[in-house]
1. All but one of (1) within 12 Å of the ligand (Cβ to nearest atom); (2) open to solvent by 20 Å² or more (accessible area, probe 1.4 Å); (3) of a type in the set (A, V, I, L, M, F, W, C) hold for residue 34, so report the exception by its number.
2. Within region 145-160, work out how many residues are more than 16 Å from the ligand (Cβ to nearest atom) and under 19 Å from the mean Cα position of the chain (by Cα).
3. Identify all residues within region 96-113 that are touching an Asp or Glu at 6+ places or on another chain (Cβ under 7 Å) and open to solvent by 10 Å² or more (accessible area, probe 1.4 Å); write none if there are none.
4. Output the residues belonging to region 219-230 that are within 11 Å of the ligand (Cβ to nearest atom) and either out of contact with any Phe, Trp or Tyr (no Cβ under 9 Å at 6 or more places or on another chain) or not in a helix (DSSP H, G or I) (or both).
5. Restricting attention to region 16-35, does a residue exist that is of a type outside the set (Gly, Ala, Ser), farther than 17 Å from residue 197 by Cα, in contact (Cβ under 8 Å) with a residue 24 or more places away in the chain and in a loop (DSSP other than H, G, I, E, B)?
6. Go through region 152-186 and count every residue that is part of a loop (DSSP other than H, G, I, E, B) and open to solvent by 70 Å² or more (accessible area, probe 1.4 Å).
Amino acid sequence: MPPSVPDFLYGTAWKEDRTAGLTEMALRAGFRAIDTANQRRHYHEVGVGEGLAAVYRAGIVTRDDLFLQTKFTSMGGQDHRLPYDPDAALPTQVAQSMASSLQHLGTDRLDSYVLHGPSSGYGWTDEDTQTWTAMLKERDAGRTRLVGVSNVSLRHLLQMEHEGLERPAFVQNRCFARLAWDHDVRAFCRERDIVYQGFSLLTANTDVLRTRLVAGIAARERVTPAQVIFRFAQAVGMLPLTGTSNPEHMRQDLASRTVTLSADEVHAIETVAL
Ligand SMILES: NC(=O)c1ccc[n+]([C@@H]2O[C@H](COP(=O)([O-])OP(=O)(O)OC[C@H]3O[C@@H](n4cnc5c(N)ncnc54)[C@H](OP(=O)(O)O)[C@@H]3O)[C@@H](O)[C@H]2O)c1
């Protein structure tokens, strides 16, 4: 992983007016990396900023202790509460969304800025190239340390590469066990030193948590099946996300890094749903 990339991300989606309190709780619990988006439909980025301000005030962490990641969401993924002028050109929308995110989060630089999703599920488009190029400009101007893409297929990533575009530092995807936990995208990432961030590790794979394999390891290690899955994710090189709203689950999710899995168990979990 690039230096100062943490091993767990706290996700802030779908928390509405609990966002500030839950962000603060997660940071007090020990999370040091936050994922959000300037997409009011699913996130309340202003609330994340309020949670950050609360922990700074309390002297728990400083900005430099944290990894802050947010996203640019194009019109297709937004509702009417837009963080940019809908009539502006894409590069202007990126610049406006970034300025708004920095203001929401009370910072002058992000650690990671992620393209929430390409404009088409079928392939990388010229529009995506424009957006990506604008995001790289934001990076070059010092407003983010790293850039990434989300909700991408292997095809999108190969097309980016064929176009000669700068490769992302991160790929953030929903991770299905029945696809060997996004095996092909993860393999592409591993070969290129791209950090793969996995979300919906629990919710997309509820059957896996109930398998004898995962339940058995959990019983032996005296942890929960969810902790086994998060540890597995880290063991295969993923940076997992959790969006738990439960303080006990926050503690458990962070403690999953100490769960012991053998190489055979990691392989067995990787292929459990194939
Ligand atoms: N790029 C994208 O398009 C995209 C899409 C979706 C999500 N995300 C990001 O990923 C983050 C995580 O989202 P997610 O889809 O993975 O879902 P999530 O919001 O993390 O939900 C996970 C579910 O697992 C439960 N959970 C968490 N830890 C647990 C534990 N130790 N034991 C038992 N249950 C546990 C939570 O319940 P409790 O609250 O009761 O613990 C919750 O119901 C989001 O907040 C967002 O930042 C990104």
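1. (2)
2. Step one: list which residues in region 145-160 are more than 16 Å from the ligand (Cβ to nearest atom), which gives 145, 154-155, 158-160.
If we keep only those that are under 19 Å from the mean Cα position of the chain (by Cα) as well, we get 145, 154.
Within region 145-160, residues that are more than 16 Å from the ligand (Cβ to nearest atom) and under 19 Å from the mean Cα position of the chain (by Cα) number 2.
3. The answer is 96, 102, 104.
4. Initial filter on region 219-230 (within 11 Å of the ligand (Cβ to nearest atom)): 223-230.
If the condition is that a residue be within 11 Å of the ligand (Cβ to nearest atom) and either out of contact with any Phe, Trp or Tyr (no Cβ under 9 Å at 6 or more places or on another chain) or not in a helix (DSSP H, G or I) (or both), then 223, 224, 225, 226, 227, 228, 229 are the ones that fit.
5. Here is the first cut: in region 16-35, the ones of a type outside the set (Gly, Ala, Ser) are 16-19, 22-25, 27-28, 31-32, 34-35.
Within this subset, residues satisfying the condition of being farther than 17 Å from residue 197 by Cα are 16-19, 22-25, 27-28.
Of the ones still in play, those that are also in contact (Cβ under 8 Å) with a residue 24 or more places away in the chain are 16-19, 22-25, 27-28.
Pick out the ones that are also in a loop (DSSP other than H, G, I, E, B) and you get none.
No.
6. First pass over region 152-186, keeping only residues part of a loop (DSSP other than H, G, I, E, B): 152-153, 163-169, 175-176, 180-182.
With open to solvent by 70 Å² or more (accessible area, probe 1.4 Å) added as a condition, the list becomes 163, 166-167.
Selection size over region 152-186: 3.
The rows are residues; the columns are (1) among the acidic types (Asp, Glu); (2) modelled with pLDDT of 95 or more; (3) touching a Phe, Trp or Tyr at 6+ places or on another chain (Cβ under 7 Å); (4) open to solvent by less than 10 Å² (accessible area, probe 1.4 Å).
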site: 2; (1), (2), (3), (4): no, no, no, no
site: 20; (1), (2), (3), (4): no, yes, no, no
site: 42; (1), (2), (3), (4): no, yes, yes, no
site: 52; (1), (2), (3), (4): no, yes, no, yes
site: 56; (1), (2), (3), (4): no, yes, no, no
site: 65; (1), (2), (3), (4): yes, yes, no, no
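Residues checked against (1) assigned to a helix (DSSP H, G or I); (2) open to solvent by 60 Å² or more (accessible area, probe 1.4 Å); (3) touching a residue at least 24 places away in the same chain (Cβ under 8 Å); (4) under 30 Å from residue 209 (Cα atoms):
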residue	(1), (2), (3), (4)
118	no, no, yes, no
121	no, yes, yes, yes
124	no, no, yes, no
129	yes, no, yes, no
136	yes, no, yes, no
145	no, yes, yes, no
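The values are calculated or read from the model by the stated rules, or taken from the named source; none is laboratory data. This is a predicted model, so every value here is computed, not measured. Ideal geometry is used to build each Cβ from the backbone, glycine not excepted, and the neighbour counts take in all protein chains shown. Protein only, heavy atoms only, side chains kept; ligands, DNA and RNA dropped before computing areas. Shrake-Rupley method; radii C 1.70, N 1.55, O 1.52, S 1.80 Å.
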